[in-house]
Each structure stands twice: as C-alpha cells, then as structure tokens.
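Enquirer: The structure is given below, and queries will be raised subsequently.
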Amino acid sequence: MTDLIALIRAEAPEAEARRALTEPVVAAIVDGGLHRLVSPKRYGGAEMGLPEWSRTIQELSRADGSTGWTVMTTCISAALAWYLRAEGADEVFADPRAVIAGTAAPVGRGEVAPDGYVISGRWGWGSATPHSQWIIGSALTPDGPRMAVYRRSEVEIHDTWDAAGLCATGSHEFSVSDVFVPGHRAVWPATDAPGIDGPIPAFPYFGFLAVGVASVGLGIARRAVDEIEALALAKTPQHTTTRLAEQTGAQIDVALAEARLSSARAFLREELERCWELAVSGQQVPAEPRGRLRLACSHAAAEATEVTRTAFALGGGSAVFASSGLQRCLRDAAVAAQHTIVSRRLFETYAKVRFGFGPDTARF
C-alpha cells in the first residue's frame, strides 16, 4: 500500500489538471484488484469486510480524494455481483479486470420486453464511467426500479464533469436510448433476493453507499489536518514573529479539528461495526441501527467539510494556491458532502423516526 499511496500522491496534480485519473493510477487500481475489494471471490473479489473497506477508502482518499472516490464507487458497483442472477454475474464479472461503474438513482425509464427491458435515460454523477467496460444506469420499470447493466458500447458519455472538487473522478453524465437489457442484467438490491448469499447482501445497499461517501470525506479531512500541521510548523504569518504552530489560536483550532475528525470517525466505525456484525450473522439489519448508521454517515460528511474549512482558513494566503493541498481538500470534501446519500436532510428523517412522527425509513 505504501508504494500505491506514493504513486497516487505523485500523480494527483496531473489528474486534477486533466480532470481524469492518470493511466498509471488506473492500472494500479485494476492490477491491485481495488475495484473488487468487496466482490465475491468467485469473480476475483477480496470479500473484504465493510469496516476494513471503510478504513481502506479513507487511506486512499487521504492520498487523493478523486482516487479514493473512484475506488469507492467502482467497488460498490462491482458489489452487484452478489445480487445478479448467475447468468448475469457470469457475463459481467467473468473478467476480473473489467471495471463497472454508474449510478443507482432510478431516473431512467424502462418498458417490459421479452426476457428483459428496453431502457432509455440520462444519468449524472457517473464516476469512473470513462474507465469502465460495463455501466449501471437504474430505471423505473413496470416491475419496479431496476439497476440495469449496459455494455460500454451501448452508452454515450457526455463530458459534463467540470466541477469544483473531485475533479479527476470523471463523474460525467451518460445516457442510453432504447437499449435492450436482458432480465439477468437487471436487479434491485434493496428488495430482490441475492444471487449469492453473504454478509454484503444482508447489509443495506444504500447504507453501503453512504458509508463509502462518508469514508471518502473522512480521508480528505485527515489529509487536510496533515497539511495544516506541516504548514504550521514551517510558516511564520505576516506581521508576526512566531511560527503558526506556536500561536495559541492556531493550536486550539488544530486540536478542535482533530477532536471533531476523530469523533466523527469513531461514530461511523461504531455504527458500521454494529450493522456489519448483524449482517455477518445472517440477519437483516433492522431500521434502528440502519438509521443510526445513516446518521453517522451524514454527520461524518458534514464534519469532514468543517474540518477542512478550518484547516484551509488557518493556512491563510498560503492555502489559496494550486500548489497547496489545502485548497484541493476544501473543494473535494465540499463536493463529496453534496452527494444526496449523505444529505443533511437525513438528519431530519432520522429525528422524525426517533420522535415517532412518521415511519418513512426509505432513505435509510
């Protein structure tokens, strides 16, 4: 992992400039099987437990937010191997080097056809789709929502990802028009029985996605704290005679940032381990722990943004330049926190359930 982290850090500035991960980093991800960390072993996966996976995503995101995000999203997409029927999983995942990406939001429209669906739609946040051989675009059909898997040749990718942060994730919009998808390549993990039993299918799928997004944010925030600590030891701000690290205000801010980050990580770890233990035992995770897990994920994303903002502000004028990691951390954490899966609206949903105002746990 040490060599991989060094490569990611070295390639990050070029990736940021070109709005795409560099070829050496993509090759390292695929060669190392990072895109299938949580996939079944029969398809070249590592079947990594989600607590360990969260820590891995945090470390990769600490090296570079865009790289961590790319590994996170491709892992979640490749987890579809647990859910597809054998015929579909064999078709999509037979090649262990094949990358799958896309989006779970069911914004497409599908009509029932013999042995499958005919689907049209356009989706956003298609992270890593330019590197993929298979692409997911979910659709509403007469049979309910379906995560449909398309061949790359059936998909048009639109160069729309010119974003404030996570610039190198290639999260472009993409579309299909009247594409036939066989039934064995369409599934809805939240309700359909899995093709392969295991703890991943027992874990709430959208909670899985929320854990991934939160883990990216926490890794970025950890990098921001690293950056400000290094800068504070080297910088003497204008109109002062002492280094930033020796100034009381900066010391307090760094300590509080560390406390907030560590607390958010601990909350996520505790709730994730609780839900994972249930899934490993073969139990479906009940609403109450699912709700607390989603609360921990949204809290982690919000705290990661605040910690990076504190670090950036402490950096002063030095933080605004492209050469500073602080400005990239600020932008990356803010964009990650904008993802709907960790929306601040989840705080409201969680509180309503706790107060008994409504049973709607669909967002969990």
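Enquirer: Among the listed residues E14, E52, identify the single one that is in contact with a Ser or Thr (Cβ under 6 Å, 6 or more places away or on another chain) and among the acidic types (D, E). Please lay out each step first, then the result.
Expert: Numbers: E52 fails: in contact with a Ser or Thr (Cβ under 6 Å, 6 or more places away or on another chain).
Being in contact with a Ser or Thr (Cβ under 6 Å, 6 or more places away or on another chain) and among the acidic types (D, E) holds for just one of E14, E52, which is E14.
Enquirer: Find all pairs meeting these conditions: Cβ atoms under 6 angstrom apart; at least six residues apart or on different chains; first residue within region 319-333 and closer than 17 Å to E229 by Cβ and in contact (Cβ under 8 Å) with a residue 24 or more places away in the chain; second residue assigned to a helix (DSSP H, G or I) and charged (D, E, K, R).
Expert: The qualifying pairs are G325/E227; L326/E227; C329/R223.
Enquirer: If you don't mind, another one. Can you name the condition, by its number, that G108 falls short on among (1) surrounded by fewer than 21 Cβ atoms within 10 Å (Cβ to Cβ); (2) closer than 27 Å to R36 by Cα; (3) modelled with pLDDT of 95 or more?
Expert: Condition (1) is where G108 drops out.
Enquirer: Considering each of T129, T73 in turn, give the residue that is out of contact with any Pro (no Cβ under 7 Å at 6 or more places or on another chain) and assigned by TED's automatic domain parsing to the domain that holds T22.
Expert: T73
Enquirer: Here's a follow-up. Looking only at region 103-135, how many residues end up being under 14 Å from I76 (Cα atoms) and either in contact with a helix residue (DSSP H, G or I) (Cβ under 6 Å, 6 or more places away or on another chain) or hydroxyl-bearing (S, T, Y) (or both)?
Expert: Qualifying residue count for the region: 7.
Enquirer: Without any contact (Cβ under 8 Å) to a residue 40 or more places away in the chain, assigned by TED's automatic domain parsing to the domain that holds H172 and among the acidic types (D, E): which single residue out of D143, D115 fits that description?
Expert: Sole residue among the options that is without any contact (Cβ under 8 Å) to a residue 40 or more places away in the chain, assigned by TED's automatic domain parsing to the domain that holds H172 and among the acidic types (D, E): D143.
Enquirer: Return the only residue of R151, R222 being surrounded by fewer than 20 Cβ atoms within 10 Å (Cβ to Cβ) and either within 30 Å of R265 (Cα to Cα) or not assigned by TED's automatic domain parsing to the domain that holds A336 (or both).
Expert: Matching residue, one of R151, R222: R151.
Enquirer: Could you run through region 280-323 and say how many residues are surrounded by 14 or more Cβ atoms within 10 Å (Cβ to Cβ) and either part of a helix (DSSP H, G or I) or at pLDDT 95 or above (or both)? Walk me through it before giving the result.
Expert: If we filter region 280-323 for residues that are surrounded by 14 or more Cβ atoms within 10 Å (Cβ to Cβ), which is where we start, we get 280, 285, 289-312, 314-316, 318-319.
Filter again for either part of a helix (DSSP H, G or I) or at pLDDT 95 or above (or both), leaving 280, 289-312, 314-316, 318-319.
Qualifying residue count for the region: 30.
Enquirer: Also: Hey, among P189, P237, P194, which residue is over 23 Å from the mean Cα position of the chain (by Cα), touching a residue at least 12 places away in the same chain (Cβ under 8 Å) and not in a helix (DSSP H, G or I)?
Expert: Criteria check complete, one pass: P237.
Enquirer: Which condition from (1) over 22 Å from the mean Cα position of the chain (by Cα); (2) surrounded by fewer than 19 Cβ atoms within 10 Å (Cβ to Cβ) is the one that E277 breaks?
Expert: Here E277 meets the rest and fails (1).
Enquirer: Just the residues that are surrounded by 20 or more Cβ atoms within 10 Å (Cβ to Cβ) and closer than 22 Å to F208 by Cβ, please, taken from region 324-338.
Expert: Correct list: D332, A333, V335, A336, A337.
Enquirer: Can you name every residue in region 114-173 that is of a type in the set (F, W, Y) and over 26 Å from G217 (Cβ atoms)?
Expert: Answer for region 114-173, where residues must be of a type in the set (F, W, Y) and over 26 Å from G217 (Cβ atoms): Y117, W134, Y150.
Enquirer: Which one of these is touching a Cys at 6+ places or on another chain (Cβ under 7 Å) and crowded, with 16+ Cβ neighbours inside 10 Å: V211, V176? Quick ask: steps written out before the conclusion?
Expert: Numbers: V176 fails: touching a Cys at 6+ places or on another chain (Cβ under 7 Å).
None of the others qualify; the one that does is V211.
Enquirer: Moving on. Somewhere in region 120-134, is a residue in a strand (DSSP E or B) and of a type in the set (A, V, I, L, M)?
Expert: No, that holds for no residue.
Enquirer: Another one. Tally up the residues in region 1-19 that are in contact (Cβ under 8 Å) with a residue 60 or more places away in the chain and either of a type in the set (D, E, K, R) or more than 12 Å from G65 (Cα to Cα) (or both), please.
Expert: Going through region 1-19 one residue at a time, the tally reaches 3.
The values are calculated or read from the model by the stated rules, or taken from the named source; none is laboratory data. This one's a predicted model, so the numbers in the text were calculated from it and none came from an experiment. Because the Cβ atoms are built from the backbone with ideal geometry, glycine has one as well, and the counts that use them run over all protein chains shown.
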